[in-house]
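All remarks here apply to the structure that follows.
The values are calculated or read from the model by the stated rules, or taken from the named source; none is laboratory data. Note that this is a predicted model, so its numbers are computed, not measured. Cβ: placed from backbone, ideal geometry, glycine included. Neighbour counts: every protein chain shown.
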Amino acid sequence: MSTSLSVEAPGSATRAPALDHDHPHHDNPHHVQRWWILAILAIAQLMVVLDSTVVNIALPTAQSALHFSDGQRQWIVTGYSLAFGSLLLIGGRLADVLGRKRIFLVGLAGFAIASAVGGAANGFTMLVVARVVQGGFAALLAPAALALLTTTFTEAKERATAFGIYGAVAGAGAAVGLLLGGFLTEYASWRWTLYVNLIFAVAALVGGAILLRHRAAGTRPKLDWPGTITVSAGLFSVVYGFSHAETAGWGNGLTIGFLVAAVVLLAAFVVIQTRAVQPLLPLRVILDRNRGGAFLAMFAAAAGMFGVFLFLTYYLQGSQHYSAVQTGVAFLPMVGVLVVVSAIVTTALSTRISPKILVPVGMLFAAAGMWVLTGLSLNSSYVSHVLPATLLVGVGLGTVFATGMSLATLGVEADDAGVASATVNTMQQVGGSVGTALLNTLAASAAATFAAAHLTNPAVSQLAAVHSYVVAFWWSAGIFTVGAALVALMLRPGVPDFDASSDAMVVL
């Protein structure tokens, strides 16, 4: 099986010579500048990930300034998620077909322009359209960036380090967004939560234009339009259905209709992929046990971690009366641990310990952190309850993201690197949407039940809120625990690596 380790000139039938760990890939035009390229890709990834939370903190201020309703407010977040989640796979395939550099730069430029328009918005319509367009260009940018990383770093130890850094950025980006959003909202303007993207985008755009090289695909497949339409509509239905459930409930006709449509459309997509001559998502990408396990891990981690970012933010601001900036600072220890653990995992552990051990253990650490958070009350202190919990979650997410991102793209054929990378991002995006909707619904139900049973207590509203957060943390712990068990069953034993003589992924 040909993989991204093999680099061939377009139309050439000659295999690239086998390369050992002591000899760089001289036919890889990115090899010499690979660490600078990593920096560019990490900046782009940080921009995309933090944008999922940086705007959230500014929403109340933006709502007051632009005079839109509570019902409209959710669309500032949902609009971005819908476009991002539903267009990722076509974005990844476009990167494979048209060139990863081109799609990466187009994604950056479009994201920057949409951010500028959103920052200058004079009303709800202008802001929500800008957010939808942002999500669409993010769907081009994110898989192209990960595919570039996959094809730039092919030597085992360097690849592990690069994916560790990239995974740390992916895991920490949401928390960084909370901190940055708090500072910008409090000391500048809510508009700067969008304008700040211009700084990231311009830096990555200039660096990418200078350092990246266009590499034509060995073959240029035609786009699978039936597959593209069904999977895009199916993913849209998943994200919209779960988002709609947050406000309308699971029994709502529209919620049920979209979720049923999602099942039908995604099932149709699988059938189409088995029959298509040039499928959008070749099933070989997802049917490999290690890649399938990695995709599942990314889905579960994204679904579970929203219990930290969402409900812990509510707790700190609503129950402990932290400011937006203080809330962001409270997450910094978790970010620091996540980055350090990612580095340790990738440099010292991932090439020695099987992901069958690393990924489930990481998820169990995250579950343990959530379990600690279930002990929160109105009188809990940051040092005794919040800090140890977030440190455990940081250890867990650092392990899962660093290992999972690399494993999800390891051994994939070079021409499928973009769509494989898009699948990783799709699992994260859909997992986050599912987790947010599920946990929000469970928390709201728990708060209502608690309040009804404690009507005589003068602090019932505050106690009900904390109770709802605790219920969400229990469910998050369960998501991580079940995810750990399923991933442990799916992943193969042994340490995956490249066999230089065959350019194939093997288990040593």
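Using the structure shown, decide if W225 is more than 24 Å from V49 (Cα to Cα), out of contact with any Ser or Thr (no Cβ under 9 Å at 6 or more places or on another chain) and surrounded by fewer than 24 Cβ atoms within 10 Å (Cβ to Cβ).
When the stated conditions are applied, W225 passes them.
Identify, please: which residue in the range 347-379 is in contact with a helix residue (DSSP H, G or I) (Cβ under 7 Å, 6 or more places away or on another chain), in a loop (DSSP other than H, G, I, E, B) and surrounded by fewer than 18 Cβ atoms within 10 Å (Cβ to Cβ) and is, among those, modelled with the lowest pLDDT?
Residues of the range 347-379 that are in contact with a helix residue (DSSP H, G or I) (Cβ under 7 Å, 6 or more places away or on another chain), as a first pass: 347, 349-351, 355-356, 358-378.
This time we only want the ones that are in a loop (DSSP other than H, G, I, E, B), so: 350-351, 374-378.
Next, only the ones that are surrounded by fewer than 18 Cβ atoms within 10 Å (Cβ to Cβ) stay: 351, 374-375, 377-378.
Working: T351: 73, T374: 93, G375: 91, S377: 89, L378: 88.
Across the range 347-379, the extreme among qualifying residues is T351.
Spot the failing condition for A389; the list is (1) under 30 Å from G494 (Cβ atoms); (2) more than 19 Å from the chain's Cα centre (by Cα); (3) among the small types (G, A, S), and only one is missed.
(1)
Which of the residues spanning the range 115-124 are part of a helix (DSSP H, G or I), more than 20 Å from the chain's Cα centre (by Cα) and not β-branched (V, I, T)?
Result: A116, G118, G119, F124.
Hey, could you check the range 69-82 for residues that are touching a Ser or Thr at 6+ places or on another chain (Cβ under 9 Å) and farther than 19 Å from S115 by Cβ and say which is surrounded by the most Cβ atoms within 10 Å (Cβ to Cβ)?
Q74
Could you give me the residue pairs with C-beta distances under 6 Å whose first residue belongs to the range 80-107 and is touching a residue at least 40 places away in the same chain (Cβ under 8 Å) and closer than 15 Å to D416 by Cβ, whose second residue is among the aliphatic types (A, V, I, L, M) and surrounded by fewer than 24 Cβ atoms within 10 Å (Cβ to Cβ) wherever it lies, and which are 6+ apart or on separate chains?
From residues that are touching a residue at least 40 places away in the same chain (Cβ under 8 Å) and closer than 15 Å to D416 by Cβ, there are no pairs.
Within the group T230, T247, which residue is outside the structural domain of Q63 (by TED's automatic domain parsing) and more than 28 Å from S323 (Cα to Cα)?
That would be T230, the only listed residue that is outside the structural domain of Q63 (by TED's automatic domain parsing) and more than 28 Å from S323 (Cα to Cα).
Could you tell me how many of the residues in the range 263-300 are within 22 Å of L223 (Cβ to Cβ) and touching a Ser or Thr at 6+ places or on another chain (Cβ under 8 Å)?
The total comes to 10.
Could you tell me which of the residues A95, A144 is surrounded by 24 or more Cβ atoms within 10 Å (Cβ to Cβ) and in contact with a Phe, Trp or Tyr (Cβ under 6 Å, 6 or more places away or on another chain)?
Working: A95 fails: in contact with a Phe, Trp or Tyr (Cβ under 6 Å, 6 or more places away or on another chain).
Step by step, each of A95, A144 is checked, and only A144 is surrounded by 24 or more Cβ atoms within 10 Å (Cβ to Cβ) and in contact with a Phe, Trp or Tyr (Cβ under 6 Å, 6 or more places away or on another chain).
Take L387 and decide whether it is assigned by TED's automatic domain parsing to the domain that holds L148, surrounded by fewer than 21 Cβ atoms within 10 Å (Cβ to Cβ) and farther than 19 Å from L50 by Cα.
On the way: assigned by TED's automatic domain parsing to the domain that holds L148: yes; surrounded by fewer than 21 Cβ atoms within 10 Å (Cβ to Cβ): yes; farther than 19 Å from L50 by Cα: yes.
Taking the combined requirement at face value, the residue satisfies it.
Are there any pairs with C-beta distances below 7 angstrom linking a residue in the range 224-250 that is at negative phi to a residue that is assigned to a loop (DSSP other than H, G, I, E, B) and not aliphatic (A, V, I, L, M), with the two at least 6 apart or on different chains, and if so which?
D224/Q278; D224/P279; G227/P279; H244/N252
Return the total of residues in the range 264-291 being at pLDDT 90 or above and either closer than 27 Å to A488 by Cβ or surrounded by fewer than 17 Cβ atoms within 10 Å (Cβ to Cβ) (or both).
The total comes to 5.
Residues of the range 426-448 being touching a helix residue (DSSP H, G or I) at 6+ places or on another chain (Cβ under 7 Å), among the hydroxyl-bearing types (S, T, Y) and within 28 Å of A459 (Cβ to Cβ), which ones?
Residues satisfying the conditions are T436, T441.
With T436, T399, T327, T423 as the choices, which residue is part of a helix (DSSP H, G or I), farther than 19 Å from R159 by Cβ, within 17 Å of the chain's Cα centre (by Cα) and of a type in the set (S, T, Y)?
Every option except T436 fails the conditions.
I'm trying to understand the selection: among the residues of the range 155-207, which are in a loop (DSSP other than H, G, I, E, B) and either under 19 Å from A130 (Cα atoms) or in contact with a strand residue (DSSP E or B) (Cβ under 6 Å, 6 or more places away or on another chain) (or both)?
Hits for the range 155-207 are S189, W190, R191.
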